[in-house]
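First the structure, in the form of structure tokens, and then the observations on it.
Nothing in this text is a laboratory measurement; each read-out follows from the coordinates by a stated rule. Model, not experiment: these values are computed from the prediction. Here Cβ is always computed from backbone atoms with ideal geometry, including for glycine, and neighbour counts include all displayed protein chains.
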Amino acid sequence: MKTINKKQASELKQGTKLLQTGILKTGVLVFANGEVFYGQGAGHVGQSVGELCFNTAITGYQEILTDPSYADQIICFTFPHIGNTGTNIEDEEASIPRAEKAATGAIFKAPITPPSNWRSENHLDAWLKARKIIGLSGVDTRALTAYIRENGMQNSVIAHNEKGEFDIPNLTKMAQNWAGLEGSDLAKDVHTQQAYNWQEARWIWPVGHAQKKGLKKVVLIDYGVKRNIMRSLVSQDLAVSVVPATASVDDILALSPDGVVLSNGPGDPSETGKYAIPVIQDLIAKDLPILGICLGHQMLALALGAKTVKMDQGHHGANHPVMDHTTDKVEIVSMNHGFAVDQDSLPDTVIETHISLFDGSNCGIQLKDKPVFSVQHHPEASPGPQDSFYLFERFAEAL
């Protein structure tokens with residue numbers, strides 16, 4: 001495990017000290033390497049373990065915190081003021097009650113901002129309590145972000161105690177004993193247990209989320225799907241049927257789909273792939289149009305013979321530039337992933353369609369001879385820009 005150096009430790013602790021002088025420290029973040037960072041607790045009272053990552057989005061904290069792809073992760077928000085739009089039921093991204101708790105913790109620089117938005121229904125602190133998500137403010141989030149960029153995402157424990165009483169040695173052991181995301185199949189914790197139909201479209205002023213019945217039928221395999229992916233499909237006049245991650249080929253074909261979507265989700269794609277890859281390979285053999293998104297992209301690549309790798313810091317934010325080689329255009333996209341497809345492992349039957357302009361990593365593939373393609377980023381962009389909405393149009397045209 002990489003260790004924090006003296007300069008980084010000094011920056012983190014000095015920033016925390018300056019922010020916390022004279023204030024009871026009711027929250028704490030503990031790394032597996034023993035480093036401890038105090039702040040003000042918020043939301044749920046308790047303790048939770050997870051992988052610490054940072055997200056650079058300026059807006060959309062509620063959508064981020066309810067994205068099932070963040071299961072077993074603690075999110076450090078780089079934007080300093082979080083909470084100003086409050087929370088509301090329409091901006092939830094988890095599709096089922098089982099997946100309501102996606103992220104395990106959230107870190108903010110400033111105390112939670114009171115809501116000031118006409119759509120707000122609840123204060124973020126109350127919302128965090130209801131969702132049993134632990135919050136921590138008063139921490140130098142810039143220094144934390146710099147540390148993650150240099151040393152990778154850390155196995156950590158976040159804790160909130162209103163009396164400021166923490167058993168640091170025990171919390172450190174919790175972080176050290178946690179297995180981490182590599183080798184973890186988390187889709188089984190967030191996917192639907194039974195099939196259902198979805199008819200809600202994207203939010204449009206002033207109607208909100210309209211209900212639509214589609215023409216072509218799409219089966220979406222739920223590995224931890226976000227609602228806005230389903231909404232984006234419905235907005236393309238597609239009828240969406242959602243099935244569990246463990247659905248068999250026979251289960252899927254029994255619904256007579258015109259195409260199949262492989263959803264986003266959390267965890268290690270190679271682990272979820274142990275039961276998902278054979279199904280995906282059989283679907284490819286049926287010549288059905290297939291669209292993969294994020295985890296679905298990674299598992300499609302695995303099904304085609306490629307490999308995936310764990311990233312040091314991952315990509316988490318709504319401002320990532322991606323080159324689309326099919327159009328020679330640069331898109332600004334939303335991303336949330338800690339694993340990536342190994343470009344060097346792509347077989348000759350696959351075209352690399354998208355790459356990250358931050359680090360050159362793979363962000364999209366397409367089969368040469370079939371209507372099968374996928375992207376690493378989130379074309380539904382919730383939150384984020386709408387540059388990649390065309391991918392849903394491209395998929396609808398393929399049907």
For SER361, which sequence-distant residues (separation of 5 or more, or a different chain) have an amide H within less than 5 Å of its own amide H, given hydrogens modelled in the peptide plane?
SER356
Calculated on alpha-carbon atoms, Rg and Dmax of segment 115-207 in Å:
19.1, 53
Most fluctuating of VAL36, VAL218, VAL234 in the GNM of the chain (C-alpha, under 10 Å) is VAL36
Sort LEU346, LEU136 so the one with the fewest other Cβ atoms within 10 Å of its own Cβ comes first.
LEU346, LEU136
For Cα pairs less than 8 Å apart in space and 6+ apart in sequence, what is the mean separation divided by the residue count of the chain, i.e. the relative contact order in percent?
15
For the cross-link pairs LYS25/LYS188; LYS129/LYS188; LYS274/LYS370; LYS188/LYS370; LYS226/LYS310; LYS132/LYS216, which exceed 32 Å when the distance is taken from alpha carbon to alpha carbon?
LYS25/LYS188; LYS132/LYS216
I want to verify a result. In a Gaussian network model of the chain, Cα cutoff 10 Å, which of these has the top mean-square fluctuation: ALA381, ALA245, ALA210?
ALA210
Specify the residue with the greatest mean-square fluctuation among PHE339, PHE389, PHE108, computed from a Gaussian network of the chain linking alpha-carbon atoms under 10 Å apart.
PHE389
So how do SER263, SER241 line up by other beta-carbon neighbours within 10 Å, fewest first?
SER241, SER263
Karplus-derived 3J(HN,Hα) from phi for segment 146-158 (6.51 cos²θ - 1.76 cosθ + 1.60, θ = phi - 60°), whole Hz, x at Gly and Pro, runs 4, 5, 4, 5, 8, 10, x, 6, 9, 5, 9, 10, 10
Kindly give the semi-axes, whole Å and largest first, of the ellipsoid equivalent to the chain, taking each as the square root of 5 times a Cα gyration tensor eigenvalue.
36, 23, 19
Among CYS294, CYS53, which comes first, then next, by fewest other beta-carbon atoms within 10 Å?
CYS53, CYS294
Taking H placed 1.01 Å from N in the peptide plane, check which residues at least 5 places from ALA110 or on another chain put their amide H under 5 Å from its amide H.
ILE82, GLY138
Taking placed amide H atoms and a strict 5 Å upper bound, the residues 5 or more places from LEU220 or on another chain that come that close are SER241, VAL242, VAL243, VAL261
J(HN,Hα) series, segment 25-37, from Karplus relation 6.51 cos²θ - 1.76 cosθ + 1.60, nearest Hz, glycine and proline x:
8, 9, x, 8, 10, 10, 7, 5, 7, x, 5, 10, 10
Nearest-0.05 FRET efficiency for ILE204 and LYS307 at R0 = 35 Å, using Cβ-Cβ distance, is 0.30
